[in-house]
1. Quick test for you: out of GLU89, GLU160, GLU140, pick the one residue that is assigned to a helix (DSSP H, G or I) and within 16 Å of ligand 1 (Cβ to nearest atom).
2. Among the residues of region 241-250, are any of a type in the set (A, V, I, L, M, F, W, C), under 15 Å from the mean Cα position of the chain (by Cα) and outside any loop (DSSP other than H, G, I, E, B)?
3. What pairs come up if the first residue lies in region 60-84 and is over 14 Å from ASN50 (Cα atoms), the second is aromatic (Phe, Trp, Tyr) and in a loop (DSSP other than H, G, I, E, B), and their beta carbons are under 9 Å apart, counting only those six or more places apart or on different chains?
4. In region 268-286, what residues are part of a helix (DSSP H, G or I) and touching a Leu at 6+ places or on another chain (Cβ under 8 Å)?
5. Would you check which residues across region 33-65 are on the phi < 0 side of the Ramachandran plot and within 16 Å of ligand 2 (Cβ to nearest atom) and list them?
6. How many residues are surrounded by fewer than 23 Cβ atoms within 10 Å (Cβ to Cβ) and within 16 Å of ligand 1 (Cβ to nearest atom) when one looks only at region 50-84?
7. Would you check which residues across region 125-147 are of a type in the set (Val, Ile, Thr) and crowded, with 24+ Cβ neighbours inside 10 Å and list them?
8. Residues ALA230, ALA276, ALA250, ALA198: which one is within 15 Å of ligand 2 (Cβ to nearest atom) and either without any contact (Cβ under 8 Å) to a residue 60 or more places away in the chain or in contact with a His (Cβ under 8 Å, 6 or more places away or on another chain) (or both)?
Amino acid sequence: MKSLEIKDTYIKKGLVKKGSGLERTIVEVGAIKIGGPEVVIMAGPCAVENEEQLLKTAQIVSEAGAAILRGGAFKPRTSPYSFQGLGLEGLKLLGIVKTKIGIPVVSEVMDVREFDNVSKYADILQIGSRNMQNYALLKEAGKTNKPILLKRGMMATIDEFLNAAEYILAGGNLEVILCERGIRTFDSSTRNTLDLNAIPLLHSLTHLPVIVDPSHGTGRSDLVPHMAKAAIAAGADGLLMEVHYCPDKALCDGDQALHDDEFVQLMKDLSKVAKAVGRSLYRPLLAV
Ligand code: PEP
Ligand code: MN
């Protein structure tokens with residue numbers, strides 16, 4: 001087997017923030033530290049649909065202990081006839097809900113031309129699986145000082161994933177969070193195959209925080225809790241999960257969305273798993 005050797009400079013373990021003495025990068029969003037001892041939970045709908053949906057979901061996930069609200073305003077959809085996201089209107093809703101609830105937001109940027117708009121409203125910019133090798137977007141991400149949540153391409157090797165991150169770091173932005181979200185394999189019984197190997201492997205190769213998205217990784221809400229627990233046990237620095245108050249009515253990815261109650265229960269279970277492996281969940285002040 002070919003051993004992985006990352007030849008480039010910035011992502012390699014030990015080269016973080018030269019001279020800082022830090023072994024790992026910790027991405028800070030306000031008081032939240034991604035890549036530190038605590039596990040950071042990011043949750044919310046796949047897509048921003050309307051203010052009521054977003055506000056309700058934000059309240060539920062933050063009270064249950066999620067630190068960051070997710071929600072796509074620009075959605076990469078396989079079919080051009082599927083809901084494409086609310087665009088700028090969706091970003092504005094994220095801005096409103098963020099202020100009302102006091103929770104930071106992660107949202108996807110799909111196009112270099114939308115970079116400034118998404119940056120205005122989101123605290124973390126997501127570069128999705130389909131754009132992991134969109135080099136123009138990666139270079140733009142390198143120029144900003146906003147944290148970037150970079151998702152693994154659905155067909156990307158670890159080497160390709162790290163090189164995509166390298167583009168951002170080489171451009172001058174060291175605030176990168178890697179996200180394993182499942183890859184395509186020969187098996188079509190689940191949407192993707194969640195590669196949990198990637199967590200310890202990426203930690204051994206790079207100093208960057210590694211989070212896991214069990215929603216896209218499985219495509220099935222009944223599998224999400226199991227893989228979320230497994231990801232924490234395998235050392236993930238955080239989780240990104242989709243939650244909807246009525247998954248049957250979701251405009252996007254309803255099959256993999258946890259219902260509010262399922263999410264609340266899962267947070268309790270994740271807390272126990274974290275404790276069992278000597279960690280804890282980051283608790284926002286809002287959490288009960
Ligand atoms: C998402 O997070 O909603 C998304 C589209 O994810 P991915 O890029 O992993 O498919
Ligand atoms: Mn989704």
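1. Only one candidate qualifies: GLU160.
2. Looking through region 241-250, at least one residue is of a type in the set (A, V, I, L, M, F, W, C), under 15 Å from the mean Cα position of the chain (by Cα) and outside any loop (DSSP other than H, G, I, E, B).
3. Pairs found: ILE60/TYR245; GLY65/TYR282; ALA67/TYR282; LYS75/PHE83; ARG77/PHE83.
4. LEU270, SER271, ALA274
5. MET42, ALA43, PRO45, CYS46, ALA47, VAL48, GLU49, GLN53, LEU54, THR57, VAL61, listed by residue number.
6. Residues in region 50-84 being surrounded by fewer than 23 Cβ atoms within 10 Å (Cβ to Cβ) and within 16 Å of ligand 1 (Cβ to nearest atom): 10 in total.
7. Of everything in region 125-147, just one residue is of a type in the set (Val, Ile, Thr) and crowded, with 24+ Cβ neighbours inside 10 Å, namely ILE127.
8. After ruling out the rest, the residue left standing is ALA250.
Every number here is computed from the coordinates shown, using simple stated rules; none is lab data. Given the structure is predicted, the values throughout are model-derived calculations rather than measurements. All Cβ positions, glycine included, derive from the backbone under ideal geometry; neighbour counts span all protein chains shown.
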